[in-house]
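Student: The following block contains the structure, expressed as structure tokens.
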Amino acid sequence: MLDIKTIRENPEIIKEKLIQRNENTETIEKIYELDKRRLELIHKTETLKEERNKVTDEIAVMKRNKEDATERIAEMKKVSDNIKSLDEELKKYDGDIDLLLKYVPNIPHDSVPFGKSEKDNVEIKVSGEKKGFDFKVKDHVQLGKDLDILDFERGAKISGSGFALYKGKGAGLERALINFMLDEQGKNGYREVLTPVLVTRESMEAAEKVPKFEEDMYYMEKDNMFAIPTAEVSILNIHRNEILKQEDLPVKYCGFTNCFRREAGSYGKDTKGFLRVHQFNKVELINFCSPEESYSEMEKMLSHACGILDKLGLHYRIIELCTADIGFAASKCYDIEVWSYAEDKWLETSSVSNCTDFQSRRAMVRYKKQLENNKTKTEFVHILNGSGLATSRLMVALLESNQTKEGNINVPDVLRRYTGFDII
RNA sequence: AGAGAGAUGGCUGAGCGGUUGAAAGCGGCGGUCUUGAAAACCGUUGUGGCCUCACGGUCACCGGGGGUUCGAAUCCCUCUCUCUCUGCCA
């Protein structure tokens, strides 16, 4: 969430930034007004509380001296009732403001290119070139079927459309990819974690996924729990309500999990095979760092994600998202897309975001900052997340790119020690 | 799932409903002593909101949320979590 203080002090700047994101400014105006009234209430109720505290002490003294205090007590009863009703009103304001705040996105960084839609995203790098195939390429669904390594029909039988069944060397390849990516990110300084995939509402709120995106989440009503859409949620919550040490920053984690997405509202889009599934596998990178270093850390994370694709020898590009397209919690975002020969288009396989203090403010992840005068200040960390990487669309590109004329798949060199086989 | 015990400041651990924002110890920081260090001694040591240019003032916070009361860390309800015992289970 945004800092209410920033909204209070610079509402115009915030509004301007939100307009860049194609957001309306009504919510901010509403928050601004409610906050003003809220402050007035705080003054009123705190003045009364001050009085009550003073008189209450007097009553204590009188009681000790065995004096009669009934008059003062009666007086304070009135004051207390007054406080109670003011506090109730105040609580309503708090709730209203907080609810509105939950729907206001992070503000874009100054470096983010302005745009009105995803069409205005900026391609900043293309790595490698398209291979020339001297035969007609098969798509991943066909390859998976012919080689009997992917079974979307049976996946659908088990769980409905959008669920994949990996078989034999397909399952082995997936497992190899995950292990390979975890090892690589470990070398990049990320500590591996294996987290829960079912999380509480509180954890989802801390990650700013709920309530705004509640419809996109699998939710278990009986236990009030959500299936995570990304390991970002569980890893971020490792340090919820904690104060980190400055010398430990940046704190970096990588973790593999299944990811679950309802993909509500995207029916009929990219329905084929792995292009859009309800459950996929992903190695996630999370970085808790100081505000000073978050944008440089972001560049490093981008290179860590790209490193996987480099080693796998895949053709990919990096896109910098424009103001209209960056995610809700992000102030800046890069997407990495791999080339699909069969689909003849780019597929998003990673997204690296700097969420600045947007999530840490709600999740209360802070660090003690050493100041020059030997004092310390507790400050919110910046939280970055990046996929390193998601396997489903990666698998599409991997299978297609490495297919042979005979319809087999050559396993990339770097994966062979993980798979134990070099051809499918 | 059933029975019981518990949750207090960075940690350990006190706390008859009224000078308790919270004893004591440890740790941390500053100082004295020392060639230096240790020990010893002295001092200091939570977070957040609001007002103030500032000094400072004030409010809130003893797992979360309610309640009783003039007044709650302390009493009541509820939720969560941890531990012990029983049951079930990968």
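Student: Can you give the extra length, in nm with one decimal, that the chain gains between A:Arg8 and A:Ile42 once fully stretched, where that is 0.36 nm per residue apart less the Cα-Cα distance?
Tutor: 10.7 nm
Student: Between A:Tyr103 and A:Arg417, 0.36 nm times their residue separation minus their Cα-Cα distance comes to what?
Tutor: That pair, A:Tyr103 and A:Arg417, stretches by 108.4 nm at full extension.
Student: Please build a GNM for chain A, connecting alpha carbons under 10 Å apart, and tell me which residue among A:Ile83, A:Ile235, A:Ile326 fluctuates the most.
Tutor: A:Ile83
Student: Could I ask something else about it? For chain A, what does -39500 (n - 2.57) per DSSP helix run (n ≥ 4), summed and divided by total residues, give at 222 nm, in deg cm²/dmol to the nearest 500?
Tutor: The helix-only estimate for chain A comes to -13500 deg cm²/dmol at 222 nm.
Student: Among the trypsin sites (Lys or Arg not before Pro) in segment A:322-424, which ones are in a DSSP loop with at most 10 other Cβ atoms within 10 Å of the Cβ? Mind listing them?
Tutor: A:Lys375, A:Lys405
Student: Working only with C-alpha atoms, what are the Rg and Dmax values of segment A:1-49, expressed in angstrom?
Tutor: Rg, Dmax (Cα atoms, Å): 13.1, 44.
Student: In the structure shown, do any of A:Lys167/A:Lys282; A:Lys49/A:Lys377; A:Lys130/A:Lys345 have a Cα-Cα gap over 20 Å, and if so which?
Tutor: A:Lys49/A:Lys377
Student: Tell me, what HN-Hα J-couplings in whole Hz come from the Karplus equation 6.51 cos²θ - 1.76 cosθ + 1.60 at θ = phi - 60° for each residue of segment A:119-126, using x for Gly and Pro?
Tutor: Per-residue couplings from phi come out as 5, 8, 5, 10, 6, 10, 7, 10 Hz.
Student: Roughly how many Å² is the accessible area per residue of segment A:118-419, as a whole number, for a 1.4 Å probe?
Tutor: Dividing the accessible area of segment A:118-419 by its residue count gives 44 Å².
Student: Round to the nearest 0.05 the FRET efficiency obtained for A:Lys125 and A:Asp248 when R0 = 41 Å and r is the Cβ-Cβ distance.
Tutor: 0.80
Student: Sticking with this one: Step through the table entries A:Lys54/A:Lys78; A:Lys169/A:Lys272; A:Lys15/A:Lys119; A:Lys17/A:Lys102, compare each Cα-Cα distance with 19 Å, and write down the pairs that go over it.
Tutor: Violating the 19 Å limit, Cα to Cα: A:Lys169/A:Lys272; A:Lys15/A:Lys119.
Student: At q = 0.10, 0.12, 0.14 Å⁻¹, work out log10 I(q)/I(0) for segment A:4-101 with the Debye formula, treating every Cα as an identical point scatterer and leaving solvent out; two decimals please.
Tutor: Summing over Cα pairs of segment A:4-101 leads to -0.44, -0.55, -0.65.
Student: Continuing with this model, one more query. Between A:Glu16 and A:Asn53, what length comes free when the chain is fully extended (0.36 nm per residue of separation minus the Cα-Cα distance, one decimal in nm)?
Tutor: 8.9 nm
Student: Please find the FRET efficiency linking A:Gln370 to A:Val197, where r is the Cβ-Cβ separation and R0 is fixed at 41 Å, and quote it to the nearest 0.05.
Tutor: With a Förster radius of 41 Å, E is 0.65.
Student: Ignoring ligands, DNA and RNA, what percent of the 1.4 Å accessible area of chain A is carbon and sulfur?
Tutor: C and S fraction of accessible area: 47 percent.
Student: May I ask for the Rg/Rh ratio of segment A:169-221, computed from Cα atoms with Rh as the Kirkwood radius, given to two decimals?
Tutor: 1.13
Student: At 7 Å along the Cα-to-beta-carbon direction for both A:Glu153 and A:Glu406, put a label point, then send me their distance in nm to one decimal.
Tutor: Result for the modelled spin labels: 2.6 nm.
Student: Turning to a different aspect of this structure: Can you give the Rg/Rh ratio of segment A:269-405, where Rg is from the C-alpha atoms and Rh is the Kirkwood radius?
Tutor: For segment A:269-405, the value is 1.08.
Student: Can you list the aspartates and glutamates whose alpha carbon is less than 19 Å from that of A:Lys77, not counting same-chain residues fewer than 8 positions off?
Tutor: Those aspartates and glutamates meeting the cut-off are A:Glu46, A:Glu50, A:Glu51, A:Asp57, A:Glu58, A:Glu67, A:Asp68, A:Asp87, A:Glu88, A:Glu89.
Student: When the label point is put 7 Å from the Cα of A:Lys145 along its Cα-to-beta-carbon vector, which residues of segment A:152-180 have a backbone N closer than 19 Å?
Tutor: A:152-171
Student: Under a GNM of chain A (C-alpha, springs under 10 Å), which listed residue has the highest mean-square fluctuation: A:Val277, A:Val210, A:Val126?
Tutor: Its mean-square fluctuation being the largest, the pick is A:Val126.
Student: With the Cα gyration tensor of chain A in hand, convert its eigenvalues to equivalent ellipsoid semi-axes via √(5λ) and list them largest first in whole Å.
Tutor: Largest first, chain A gives 52, 22, 21 Å.
Student: State the three equivalent ellipsoid semi-axes of segment A:109-193, derived from the C-alpha gyration tensor as the square roots of 5 times its eigenvalues, in descending order and whole Å.
Tutor: 31, 22, 18
Student: Under 17 Å from a point 7 Å along the Cα-to-Cβ line of A:Glu379: which residues of segment A:276-292 have their amide N that close?
Tutor: Flagged as within label range: A:288-292.
Student: At a 10 angstrom cut-off on C-beta neighbours, averaged per residue, how do the peptides A:38-47, A:138-147 rank from highest to lowest?
Tutor: A:138-147, A:38-47
Student: Here is a follow-up. Sequence-distant or interchain residues sharing an amide H contact under 5 Å with A:Lys167, placed H: which?
Tutor: Counting only residues 5 or more places away or on other chains, the set is A:Leu150, A:Asp151.
Student: Counting other Cβ atoms within 10 Å, which GluC sites (Glu not before Pro) in segment A:219-313 have at most 11 and lie in a DSSP loop?
Tutor: Answer in residue order: A:Glu221.
The values are calculated or read from the model by the stated rules, or taken from the named source; none is laboratory data. Not measured: the values here are computed from a predicted model. Here the Cβ is made from the backbone with ideal geometry for all residues, glycine too, and neighbour counts use every protein chain on show. Note: accessible area is taken over every heavy atom of the protein model, side chains too, but ligands, DNA and RNA are not part of it. Shrake-Rupley method; radii C 1.70, N 1.55, O 1.52, S 1.80 Å.
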